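Notes to accompany the following structure.
The values are calculated or read from the model by the stated rules, or taken from the named source; none is laboratory data. Not measured: the values here are computed from a predicted model. Note: ideal-geometry Cβ built from the backbone for every residue, glycine included; neighbour counts use all protein chains shown.
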Amino acid sequence: MKKIIFLVPAMRGGGAERVISVLTDHFVKKGYATKITLFKSDVIEYSLNPLVVVDKQLIGKCNSAINRVREFHKYLKNEGECVVFSFFTMIGLYILLSSIGTKAKIIISERLDPAQSIPNKKWLFKLREILYRFSAGFVFQTNDARDFFDENVRKKSVVIPNPIKENLPMRYTGVRKKKIVTFARLEPQKNYPLLIRSFAEFHERYPEYSLEIYGQGEMEDSLKDLTKELKIENSIQFMGFERNIHEKILDASMFVLPSDYEGLSNSMLEAMAIGLPCICTDCPPGGAKMFIENGVNGLLVPIRNQKKMVEAMEYYATHEVESEKISANAEKVRYELSKEKICDRWLDFIFKIA
């Protein structure tokens, strides 16, 4: 194995980017030449190991589909023998097309529901099917995501959940504040309108609670407008991107993730790891149900179901003892998904391919 490269638009504050920062740190500590190549922006919102090379040579050169294929091909040709990861489905298709005729081995990591990760057009689904034949391997986060594809993909794939971030604070054991928290990108797939509407209904009976929404994204303005429409803006705060998010939310009463679909949510896993009582939608492709045993270490609710989400909030608000048991059980995930264990599974898979 000569080089490991992550080819990404930028290193913004998303879940995929966080996993890349964790993996690259582990790989360079193990002695492997590791590079992050940016092609859209030089934004880096996660701390990176200084031994990780950040390559910016493609920025400004990939502004059209044709230019992207041409520049990716030139780049991969120049890199020679290497393993290249793509964490974004549409970008992965460009990389696979560009890799034809090069010595690069491409590994695709599907981070979302495969049924939703590309625009719903038959020709794009067919193109993905064709181009995936050129991939050296696939890393999925859930069994359901892997099983979406045919045997040609499955036989070259592995399911590896996300590693839990190191140095998370230990579980809070005092009296929890009357606040509900969430953190993720403010994008349509997260369905934050469901959370806001559910909180508004919950707040009518439990006015002492507040909601803190951490994250940035395209829906921020419309979500703020919704809070005003529901006359709940004084009890909901938009906190933006927060590097020390876990310390900020550690003593919250509950964490809620209302997604319509989700690969495997880092937010959910980290909230569980610090012992927050969690409510998550049982969304495709099955990441939440892989780790949450309903009523034991968290609560699962159907997607887009406001009634069930409000009921889950009320359960935590009225069952303090049970909530603390769920909190203690949730924390165990930090040991199951330690960085060392998960990152070594990635290396094992790379060795099989390279």
Legend entry - The lone exception for residue 304 - which of (1) at pLDDT 95 or above; (2) over 21 Å from residue 112 (Cβ atoms); (3) in contact with a helix residue (DSSP H, G or I) (Cβ under 9 Å, 6 or more places away or on another chain) it fails: (2)
Inset, instruction - Identify all residues within the range 7-21 that are touching a Lys or Arg at 6+ places or on another chain (Cβ under 7 Å), surrounded by 21 or more Cβ atoms within 10 Å (Cβ to Cβ) and within 21 Å of residue 82 (Cα to Cα); write none if there are none. - result: none
Inset, instruction - Please go through the range 206-230 and pick out each residue that is farther than 21 Å from residue 177 by Cα and touching a residue at least 40 places away in the same chain (Cβ under 8 Å). - result: 216
Legend entry - Where residue 167 falls short, out of the listed (1) surrounded by fewer than 15 Cβ atoms within 10 Å (Cβ to Cβ); (2) on the phi < 0 side of the Ramachandran plot: (2)
Inset, instruction - Kindly establish whether residue 337 is modelled with pLDDT of 95 or more, in contact with a helix residue (DSSP H, G or I) (Cβ under 8 Å, 6 or more places away or on another chain) and not charged (D, E, K, R). - result: no
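Rundown of residues vs (1) within 24 Å of residue 13 (Cβ to Cβ); (2) among the aliphatic types (A, V, I, L, M), yes/no style:
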site: 169; (1), (2): yes, no
site: 179; (1), (2): yes, no
site: 191; (1), (2): yes, no
site: 195; (1), (2): yes, yes
site: 200; (1), (2): no, yes
site: 207; (1), (2): no, no
site: 211; (1), (2): yes, yes
site: 220; (1), (2): yes, no
site: 229; (1), (2): no, no
Legend entry - Number of the exception - residue 113 against (1) free of Cβ contacts under 8 Å to residues at least 40 places away in the same chain; (2) within 17 Å of the chain's Cα centre (by Cα); (3) crowded, with 19+ Cβ neighbours inside 10 Å: (1)
Inset, instruction - Of all residues in the range 80-96, count the ones that are out of contact with any Phe, Trp or Tyr (no Cβ under 8 Å at 6 or more places or on another chain) and in a helix (DSSP H, G or I). - result: 5
Inset, instruction - Confirm whether residue 327 is assigned to a helix (DSSP H, G or I), within 22 Å of the chain's Cα centre (by Cα), surrounded by 13 or more Cβ atoms within 10 Å (Cβ to Cβ) and not aliphatic (A, V, I, L, M). - result: yes
Inset, instruction - Report, by residue number, each residue of the range 43-60 that is of a type in the set (Gly, Ala, Ser) and either outside any loop (DSSP other than H, G, I, E, B) or over 30 Å from residue 167 (Cα atoms) (or both). - result: 60
Inset, instruction - Go through the range 1-42 and count every residue that is modelled with pLDDT of 90 or more, assigned to a loop (DSSP other than H, G, I, E, B) and over 20 Å from residue 105 (Cα atoms). - result: 5
Inset, instruction - Confirm whether residue 292 is buried (at least 19 other Cβ atoms within 10 Å of the Cβ), more than 27 Å from residue 14 (Cβ to Cβ) and without any contact (Cβ under 8 Å) to a residue 60 or more places away in the chain. - result: no
Legend entry - Lone qualifier among 263, 286, 240 - being buried (at least 22 other Cβ atoms within 10 Å of the Cβ) and not assigned by TED's automatic domain parsing to the domain that holds residue 141: 263
Legend entry - Verdict on residue 59 being among the aliphatic types (A, V, I, L, M) and either modelled with pLDDT under 95 or within 22 Å of residue 147 (Cβ to Cβ) (or both): no
Legend entry - Selected residue (only one of 202, 238 is in contact with a Ser or Thr (Cβ under 9 Å, 6 or more places away or on another chain) and over 30 Å from residue 144 (Cα atoms)): 238
Legend entry - Set 131, 124: member being crowded, with 19+ Cβ neighbours inside 10 Å, of a type in the set (A, V, I, L, M, F, W, C), farther than 30 Å from residue 47 by Cα and free of Cβ contacts under 8 Å to residues at least 60 places away in the same chain: 131
Legend entry - Residue ranges of strands (runs of 3 or more DSSP E) in the range 234-282 with at least 3 members in contact (Cβ under 8 Å) with a residue 60 or more places away in the chain and under 17 Å from the mean Cα position of the chain (by Cα): 252-257
Inset, instruction - Please go through the range 84-117 and pick out each residue that is within 20 Å of residue 259 (Cα to Cα) and aromatic (Phe, Trp, Tyr). - result: 87, 88
